[in-house]
Amino acid sequence: MQNHIYLDHAATSWPKPPGVGAAVLEAIDGASANAGRGNHGMALQAGRALYRTRVALARLFHISNPNDISFTSNTTAALNLAIKGWLKPGDHVIATMVEHNSVRRPLEFLKRTIGIEVDYAEVDQDGQLKLEQMKKLFRTHTRLVVCSHSSNLLGSILPVQEIASLAHQHGAIMLVDAAQTAGGYPINVQEMGIDMLAFPGHKGLLGPQGTGGLYISPQLHLEPLLHGGTGSQSEATEQPEVRPDRYEAGTANTPGIAGLGAGVAYVLEQGVEQIYRHEWELTQYLMGALEQMPGIRILGPAKGQPRTGIVSFNLDQRDASELAFKLDQEYGIAVRAGYHCTPLGHETAGTLDGGAVRASVGYATTRQEIEALIHALTTISQGNGN
């Protein structure tokens, strides 16, 4: 492998804790039957693996009933289930100007196809929500407020609890995209007033790719995104009402979910607060060094302010993709450049014309790796690296 320094954790975490791969292999070798589709030992063993992961996730997010968590293939699938399963023609939705395309595109699709109405609440250039402006967007038919818990470009953290309180005051429900916070920032769905929480398994939860899920409040009733076999109530022509079967048609990714369970167990063992503190300290160290470099513009909250493990930046007039390519090819450092599937975020940051370079840390990132990035950028900014 050419890259030996991995700073793209906002896209997917790597390396995984040792127990994750072992759990995947154990599920393949020892419990490869179809969960919920039989009463024989292997099928029951597979079912137990799924339930253990649900229980661990419920503990992490402070969810009362693990069966209110439905597994999906990723956050995008979870958001599509939440958005398309809840909204009806004519409903009004409030989102924000830091949304990922996994929120924006389903909303714009429903706007075009069934006539929902959408407003995007403004944020400042650092990604901080203008809460007073959001208050003015509510209408009598506002049915959903959806926001990214943290911008995947700016690293800013939105005030979910305050937004949820506003939503509930106006009779709307709160959907949170936790793609950048699940496992790396404390989430308590009850205290924060979250009605639906979409999360990835492969980022801060340290599980395999192809895993994720959606928490759905027991007070909500969604239309399923997929219809088909669930292993329960097979004689019925409609999807069963029982959870999680209603939202999990088809064969589950048992090996992936078993691996996810191992990742969540590791997060619980380490402690979310400790993980956040480690990542925050690394971002502060990086930002402090970048601030000393001529021509560097750092996006997102100022140094010292809360943020997730993301530091996006631009260097002079250099093309972001070329800079990322240079870091990869000449220094063995993996970062991401471009638009990060969030044109709204780039519009907010004023970088829509060329994107930005994003370095993102994880719990496995070391100070020495950040120092290597600082050294590479210093060399390049001084002209010694062309």
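The values are calculated or read from the model by the stated rules, or taken from the named source; none is laboratory data. The shown structure was predicted, so the numbers you read here are calculated from the model rather than taken from an experiment. Cβ: placed from backbone, ideal geometry, glycine included. Neighbour counts: every protein chain shown. SASA here: full protein model, heavy atoms, side chains in, ligands and nucleic acids out. Shrake-Rupley method; radii C 1.70, N 1.55, O 1.52, S 1.80 Å.
Data for the structure
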quantity	calculated
160, 335, ranked by accessible area, largest first (probe 1.4 Å)	335, 160
Electrostatic dipole magnitude of segment 111-247 [Cβ: Lys, Arg +1; Asp, Glu -1; Cα centre; debye, to 20]	180
Per-residue ³J(HN,Hα) for segment 307-317, Karplus 6.51 cos²θ - 1.76 cosθ + 1.60, θ = phi - 60°, Hz, x for Gly and Pro	6, 7, x, 10, 10, 9, 7, 10, 10, 6, 9
Fraction of antiparallel bridges per DSSP, the chain only, in percent to nearest 5	50
Helix axis angle, 101-113 relative to the chain longest principal axis, alpha carbon, degrees	60
In segment 80-163, trypsin sites (Lys or Arg not before Pro) in a DSSP loop with at most 10 other beta-carbon atoms within 10 Å	136
Stretchable slack from residue 209 to residue 368, in nm (0.36 nm times residue separation minus alpha-carbon distance)	54.6 nm
Rounded Å value of the spacing that divides the Cα centres of segment 148-216 and segment 3-58	22
Sparse-neighbourhood loop sites, trypsin sites (Lys or Arg not before Pro) in segment 1-67 - DSSP loop, at most 16 other Cβ within 10 angstrom	none
Computed helical MRE - 222 nm, the chain, DSSP H runs ≥ 4 contributing -39500 (n - 2.57), nearest 500	-12000 deg cm²/dmol
DSSP-loop GluC sites (Glu not before Pro) across segment 287-344, with at most 15 other Cβ within 10 angstrom	291
Residue 64 - accessible surface, heavy atoms, 1.4 Å probe, Å² rounded to 10	100
Label corresponding to Cα extents along the principal axes in Å when calculated from the structure given, among (i) 71, 54, 33; (ii) 96, 72, 46; (iii) 63, 56, 47	(i)
Percent of beta bridges antiparallel (DSSP, segment 114-208, rounded to nearest 5)	20
Reachable aspartates and glutamates from residue 303, criterion Cα separation under 15 angstrom, eight or more residues apart if same chain	126, 279, 281, 291
Segment 37-144: antiparallel DSSP beta bridges as a percent of all, rounded to 5	10
Reachable lysines, given that their alpha-carbon falls under 26 Å from the alpha-carbon of residue 88 and they are not under 8 places away in the same chain	111, 135, 136
